[in-house]
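Below is one structure; the comments refer to it alone.
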Amino acid sequence: MATAKPRNAIAATLIPGDGIGPECTDAVVAILDAVGAPFSWDVQEGGVAAVKACGDPLPPALLDSIRRTKLALKGPLTTPVGGGFRSVNVRLREEFELYANVRPARTVLPGGRYEDIDLVLIRENIEGLYVAFEHYIAIGDDPHAVALGSGVNTRAGCHRIAKFAFDYALKNGRKKVTIVHKANVMKVLTGLFLDTARDVAKQYDGKVVVDDRIVDACAMQLVLNPWQFDVLVATNLFGDILSDEMAGLVGGLGLAPGANIGADTAIFEAVHGSAPDIAGKGIANPTALLLAACMMLDHVDRRDLAQRIRKAIDGTLLEDKVRTGDLGGKASTAAYANAIVRRLS
Ligand code: NAD
């Protein structure tokens, strides 16, 4: 289903998603409209919503749409735990080779546990321990007596994510890249990542500082002294965990956006999931998805519009003090979105 096209429109796929996804995407689209964002949306179902509509969590129409637009804004998609269908998020990343997951964590609301956080995590998105090479071995009567899983890191994959991280640092005026690994124990799987990233770093000598951390020490140091970090680059599993930790440093998942970037396709989303506990109540915080939409505007070279929205978010939260419940306020999703729209107009 396509919406009306603004002039000089950029075609983009919109996936409302599951749980709080539709509430958040409604709010975000209203704000994008208010700022005159150039997107012409092709709305597509995915996840549980698509299973209900057509029996497939990743319908061909959704894939065709992204193949055509190469650009998407995605609400969260529910993944069954244990059994059930495989994560649609993971399949989308694989299908479109979205190898880089960019997750900024910036203080929006002062007065939290940490002030002035401004970090970016670049997570490898399609290799490592998330390739799902897993199986059980039966012993006696127990078909699940042993569980086996393997990770896959390729030199080419490590090279391209490290290059992405250093290029990102250069382009965005960042000073340092920290390579996160566990090469003391997983000497092969994450040793290749560390060695390759160190090799790539040599090409940025004098332009970007490089250091490295073992993942467990990095997790602790992010809590003790997050300001020592700038850009972090990590394998898939470590990056997934650290990016949620970093979201915690800046006030939780309601404020954390993410981008999945490939050679020719990009999908923007919030870090949070479908939040079934609050879905349908109209109280979800849409800021994370809105900040993801700002990254999407940056991506299509409309930094001017992205900055206007970021400023309106700051004004709404800090001056108007209109906030959703997760940030200690009383505003509904719609009331918060309306307050941002008022600032933009
Ligand atoms: P979650 O992020 O959905 O929720 C964790 C907690 O944070 C909940 O208490 C929730 O109410 C709260 N929360 C999350 N987003 C919020 C928001 N915008 N405003 C206010 N509160 C918010 O994590 P979960 O419960 O572990 O996962 C639920 C489902 O989402 C699972 O099926 C999971 O697989 C899926 N998921 C999807 C994505 C994605 O699509 N990218 C990411 C993570 C989880």
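The values are calculated or read from the model by the stated rules, or taken from the named source; none is laboratory data. Worth saying up front: this structure is predicted, and the values here are computed from it rather than measured. Every residue, glycine as well, gets a Cβ built from its backbone with ideal geometry; the counts of neighbours run over all protein chains shown.
Listed values, structure above:
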read-out	value
Residue within the range 189-205 that is outside any strand (DSSP E or B), at pLDDT below 95 and within 16 Å of Val231 (Cα to Cα) present	no
The range 316-345 residues that are in contact (Cβ under 8 Å) with a residue 60 or more places away in the chain, paired with ones that are of a type in the set (Asp, Glu) and crowded, with 19+ Cβ neighbours inside 10 Å (beta carbon under 6 Å, 6 or more apart)	Thr333/Glu23
Where a residue in the range 21-45 is small (Gly, Ala, Ser) and its partner, wherever it lies, is assigned to a helix (DSSP H, G or I), with Cβ under 6 Å and at least six apart	Ala27/Thr333; Ala27/Ala337; Ala30/Ala337; Ala34/Val341; Ala34/Leu344; Ala37/Leu305
Criterion (closer than 29 Å to Ser274 by Cβ and not in a helix (DSSP H, G or I)) met by exactly one of Leu148, Leu119	Leu119
Subset of the range 324-345 (residues that are assigned to a loop (DSSP other than H, G, I, E, B) and under 22 Å from the mean Cα position of the chain (by Cα))	none
Per-region count, the range 209-264, residues of a type outside the set (A, V, I, L, M) and in a loop (DSSP other than H, G, I, E, B)	8
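Condition check ((1) in a helix (DSSP H, G or I); (2) of a type in the set (A, V, I, L, M)) across all residues:
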site	(1), (2)
Ala27	yes, yes
Lys52	yes, no
Thr78	no, no
Tyr114	no, no
Arg123	no, no
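Every residue, every condition in (1) surrounded by 24 or more Cβ atoms within 10 Å (Cβ to Cβ); (2) away from the ligand (no atom under 16 Å from the Cβ); (3) of a type in the set (D, E, K, R); (4) within 24 Å of Ile126 (Cα to Cα), yes or no:
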| site | (1), (2), (3), (4) |
| --- | --- |
| His272 | yes, no, no, yes |
| Ile283 | no, no, no, no |
| His299 | no, yes, no, yes |
| Arg308 | no, yes, yes, no |
| Leu318 | no, yes, no, no |
| Lys321 | no, yes, yes, no |
